[in-house]
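The values are calculated or read from the model by the stated rules, or taken from the named source; none is laboratory data. Predicted model, so just to flag it, every value in this text is computed and none were measured. As a convention, Cβ positions derive from the backbone with ideal geometry for all residues, glycine included, and neighbour counts pool all protein chains shown.
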């Protein structure tokens, strides 16, 4: 397997997989183990250390938006707080987004129904701080095609990144180069004050 193959499998197979329970499903195993292994391998040649996790959902429910993330343990070990690099798989399944993102659940807990506005305003300020990455990571907003606090929070939490159509996932060199740019932005954000704004 390769990173591109793992990402493509998730994009292509997730809609049908959701018709069955996630417990014991082969695609859930790919998201939890196979894809994280490939992302770890890709990151090993770039920088580290990273904690890598994938989530197809919790318990007996598939996630509206599955994800595959890399966390710098000095910043966060969870998608709930801090900031991290993440591949997000939209509901319409036509693409995947590489996102430098803010933790969503902590913002929802703290800001309630205003969390999306808070995350978008924070993202605008953080994008300014990372202006030198605008050419390499030009996607300023993502659409995940799902209603609900988490998917909408993920959209608001996006700082910068890239989007891939299925055809793009066959270019492993590009994926690794883009991942390296994402890691560089991640490191730069830490060096420039993290999420502190104002």
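The set of residues in region 158-191 that are free of Cβ contacts under 8 Å to residues at least 40 places away in the same chain and closer than 17 Å to residue 75 by Cβ contains only 191.
Can you tell me which residue among 148, 194 is more than 21 Å from residue 87 (Cβ to Cβ) and touching a residue at least 60 places away in the same chain (Cβ under 8 Å)?
On the way: 148 fails: more than 21 Å from residue 87 (Cβ to Cβ).
None of the other options fit; the residue is 194.
A Cβ distance below 6 Å, combined with a sequence gap of six or more or placement on separate chains, defines the contacts here; from region 121-135, residues that are surrounded by 13 or more Cβ atoms within 10 Å (Cβ to Cβ) reach residues that are assigned to a helix (DSSP H, G or I) in the pairs 130/185; 133/185.
In region 160-175, which residue that is in a helix (DSSP H, G or I) and surrounded by 18 or more Cβ atoms within 10 Å (Cβ to Cβ) is farthest from the chain's Cα centre (by Cα)?
Within region 160-175, the subset in a helix (DSSP H, G or I) is 166-170, 172-175.
Next, only the ones that are surrounded by 18 or more Cβ atoms within 10 Å (Cβ to Cβ) stay: 169, 175.
On the way: 169: 15, 175: 14 Å.
The qualifying residue farthest from the chain's Cα centre (by Cα) is 169.
Within region 130-147, does at least one residue satisfy the condition of being in a helix (DSSP H, G or I), modelled with pLDDT under 95 and either on the phi > 0 side of the Ramachandran plot or touching a helix residue (DSSP H, G or I) at 6+ places or on another chain (Cβ under 7 Å) (or both)? No, region 130-147 has no match at all.
For region 68-81, the tally of residues that are crowded, with 19+ Cβ neighbours inside 10 Å and touching a helix residue (DSSP H, G or I) at 6+ places or on another chain (Cβ under 8 Å) stands at 4.
Selection of region 42-62 for residues being closer than 22 Å to residue 171 by Cα and surrounded by 14 or more Cβ atoms within 10 Å (Cβ to Cβ) yields 42, 43, 46, 47, 52, 54.
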